[in-house]
Amino acid sequence: MAGRKYGNYPIPVSDLASELIDPVLRRRAGLSIDLVQSWSEIVGERLAGRTRPEKVAWPRRAREDDPFEPATLVIACEGPAALHVQHETSEIIARANAFLGFGAIGRVKIVQKPVSGTAVKPRPRPRPLTADEKSKLAGMTAGIEDEGLRASLERLGESVLSTRRKTDLANS
């Protein structure tokens, strides 16, 4: 808000939220909102959903003239992802330092805990089959003598056909 001139235009909510949250993150966890928002670029899509940066722990300096020591990036991750993070630690450090613009991060500490926002997306409900699709499926399975096998194949066919779009079926 300070230093920005929007005139009579509406202010984007993301700008307001960033300006409010960033100082709190810096004070409490040593993080910037930019690091959190760019997390998927730093660790990659495969780990982004199962990890998140917790904080950047800077070493205490007894005096002002003490030499610079890099910080520790604390990463929260779910159990199975911890092994992947451990193997990619040097790459994560390099990418985080490249993002920050200097050698701020020297090591990574892994904390295993549930990561919020990783809810599994519900699978889309299959669409109901049309009468034409049902008759075509019945014709395909009509020659099968075993009732159990025929029923299983019909369920499989319904599942496959209901997940296809109608335009896909017209082309086949």
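The values are calculated or read from the model by the stated rules, or taken from the named source; none is laboratory data. It should be emphasised that the depicted structure is a prediction, and the values quoted were computed from it without experimental measurement. Glycine gets a Cβ as well: all are built from the backbone with ideal geometry, and neighbour counts include every protein chain shown.
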Per the list (1) modelled with pLDDT under 80; (2) loosely packed, with under 11 Cβ neighbours inside 10 Å; (3) of a type outside the set (A, V, I, L, M, F, W, C), residue check on GLU45 breaks on (1)
Given the conditions (1) within 30 Å of VAL56 (Cβ to Cβ); (2) at pLDDT below 90; (3) over 18 Å from the mean Cα position of the chain (by Cα), every one holds for HIS87 apart from (2)
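Tally up the residues in the range 42-82 that are under 25 Å from the mean Cα position of the chain (by Cα) and farther than 14 Å from ALA104 by Cβ, please.
Residues in the range 42-82 being under 25 Å from the mean Cα position of the chain (by Cα) and farther than 14 Å from ALA104 by Cβ: 19 in total.
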* Go through the residues of the range 104-119 one by one and say whether even a single one is under 30 Å from GLU158 (Cβ atoms) and at pLDDT below 85. => yes
Only one of ALA96, ALA71 is touching a Phe, Trp or Tyr at 6+ places or on another chain (Cβ under 7 Å) and either surrounded by 17 or more Cβ atoms within 10 Å (Cβ to Cβ) or farther than 22 Å from GLN112 by Cα (or both), namely ALA71
